Amino acid sequence: MVTRRRLFTGIAALAAASVGKSALAALPEIVSSTATHTRAPVAPPNGRPYRPVATLNGWTLPWRLRDGVKEFHLVAEPVEREIAPGMKAHLWGYNGQSPGPTIEVVEGDRVRMFVTNRLPEATSIHWHGQRLPNGMDGVSGLNQPSIKPGQTFVYEFRAQRAGSFMYHPHADETTQMAMGMMGSWVTHPADAHTMPVDRDYVFLLNAYDIDPGSFTPRVSTMLDFNLWTFNSRAFPGVDPMVARQGERVRIRIGNLTMTNHPMHLHGHEFEVAGTGGGWVPEGARWPEVTTDIAVGQVRAIEFTAAAPGDWAFHCHKSHHTMNAMGHRVPTMLGVDQSDLERKIAALVPNYMSPRDMQNMDAPMALPDNTLPMMGGAGPYGSIEMGGMFTVVKIRADLAPGDYRDPGWYRAPPNTVAYLWHGEPPPIQVPP
Ligand SMILES: [Cu+2]
């Protein structure tokens, strides 16, 4: 990877030299990060004011303001992403990370995006959902020539509509999206008082197919992915989303996997306040606890953080809250295997039956670089979840603007489900 990075840096330098020093000097500096934690929202240092978002397990890309234009520099490049402690993936992303950093601008801003390609193949960026000149839409071959390795392209347009957007390549898409190339884009309303919320979270749904013990996703997988992630992190690697009791919370979720995800929040009802196409008029919203997000869609849900606690927030497809599971395991529920176990044990030395594994004191050792199918240590035992799962932590005593993990919820006495002791009553036949 180091060699490849050097090689393409070299090509980039050559390419830059060929277009002259003035162009090289004009490129905004490259800001890069490999950290995996959720960075607290950053107030804009210049330009018009807005209420910044918090990117789940990610960050917002700084810009350079030049003659009233916000200039960003995205670098498409190979990256290493920790999916969760115990597993790393070799992905492609932007500015050190997959997904790339979030872009935040204000409705009406003029934006100039410099996109440098440090990948071993051509790419482009499509600004998903934006109103823009046709030649800036980023479909390689259709709207522009593709960005060859080492080249830098410039996209310019005005952010015309407030809302939640995404960016991703429109060149060798199956490979480049399967490798993690995507990012979020938030255009804030021109009037910062429009639809105010106290916490505004954003993340993308993405998926990978990475064999246990390996690092690079299979890029020809169409549907049978084995890692379901929020911003390229799988539970228990996903940070909690925190809120103070009574605060208004928005969560913007974009789907760049190859299937739909019914996203479900516990203990609260929410409204879909926005889609990829803009804000939903108030009279057209209805209460929900689950909303399905199709491929290529964005949903911005809003709710009042009414009840303190640790509330699950997850995709409701149960196999999407699991990590790297075997797909061809037969169902053995209700099957008496004792005779079979004896016969196999006689043939296979050190054979362990599923029952033996369940009764083991310590969890079985995993192959290198993979995650338990389900896990996550909770205050009452294993949470038995993986993949597209996290926790919304609502606390009465959380300071406004504090995004740190407050730890596990301490339930007041007599408010936790409890074990019943005694003899079961006799079974009666209903009349
Ligand atoms: Cu799902």
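Annotations for the structure displayed:
- GNM top mover of R81, R131, R66 - the chain, alpha-carbon springs below 10 Å: R66
- 3J(HN,Hα) along the range 101-108: x, 6, 9, 10, 9, 10, 3, x Hz, from the Karplus curve 6.51 cos²θ - 1.76 cosθ + 1.60 with θ = phi - 60°, whole Hz, x for Gly and Pro.
- Extension reserve of the E29-L419 stretch, reckoned as 0.36 nm per residue once the Cα distance is removed: 134.4 nm
- Look at the alpha carbon pairs under 8 Å that are at least 6 residues apart: their mean separation over the length of the chain gives a relative contact order of 14 percent.
- Annotation note: GluC sites (Glu not before Pro) in the range 79-114 located in DSSP loop regions with a Cβ neighbour count of at most 13 within 10 Å are absent.
- For the chain, the share of DSSP beta bridges that are antiparallel, to the nearest 5, is 70%.
- Within the chain, the proportion of C-alpha pairs whose separation exceeds 37 Å stands at 31%.
- Available extension along the chain between N134 and V289 is 52.0 nm, counting 0.36 nm per residue and deducting the alpha carbon span.
- Sum of side-chain charges, R131 neighbourhood, beta-carbon under 15 Å (Lys, Arg +1; Asp, Glu -1): -1
- Share antiparallel - DSSP beta bridges, the range 2-200, percent rounded to 5: 65
- Of S232, S184, S338, the one that fluctuates the most in a GNM where the chain has Cα springs shorter than 10 Å: S338
- Residues V335 and Y409, FRET efficiency given R0 of 45 Å [Cβ-Cβ distance, rounded to 0.05]: 0.70
- The phi-based Karplus calculation (6.51 cos²θ - 1.76 cosθ + 1.60; θ = phi - 60°) puts the 3J(HN,Hα) values of the range 289-295 at 10, 9, 10, 7, 10, 7, 4 Hz, whole numbers, x for Gly and Pro.
- Principal-axis tilt of helix 2-18 within the chain, Cα atoms, nearest 10 degrees: 20
- In the chain, the sites counted are chymotrypsin sites (Phe, Trp or Tyr not before Pro) in DSSP loop states with at most 10 other Cβ atoms within 10 Å, and the longest stretch holding none of them, exclusive of the sites, is 1-379.
- Simple label model, 7 Å out from Cα along Cβ direction - R64 to N143, nm: 2.4
- Using alpha-carbon coordinates, inclination of helix 338-347 to the longest axis of the chain, degrees: 70
- Listed residues M241, M87, M388, most fluctuating in the chain (Gaussian network, C-alpha, under 10 Å): M87
- All lysines inside 25 Å of K70 as judged from Cα atoms, apart from same-chain residues fewer than 8 positions distant: K21, K148
- Amide H partners (placed H, <5 Å) of E71, local residues excluded: R64, L65, R66, R112
No value in this document is a laboratory result; all are computed from the given coordinates. The model shown is predicted, which means the values in this text are computed figures rather than measured ones. Cβ: placed from backbone, ideal geometry, glycine included. Neighbour counts: every protein chain shown.
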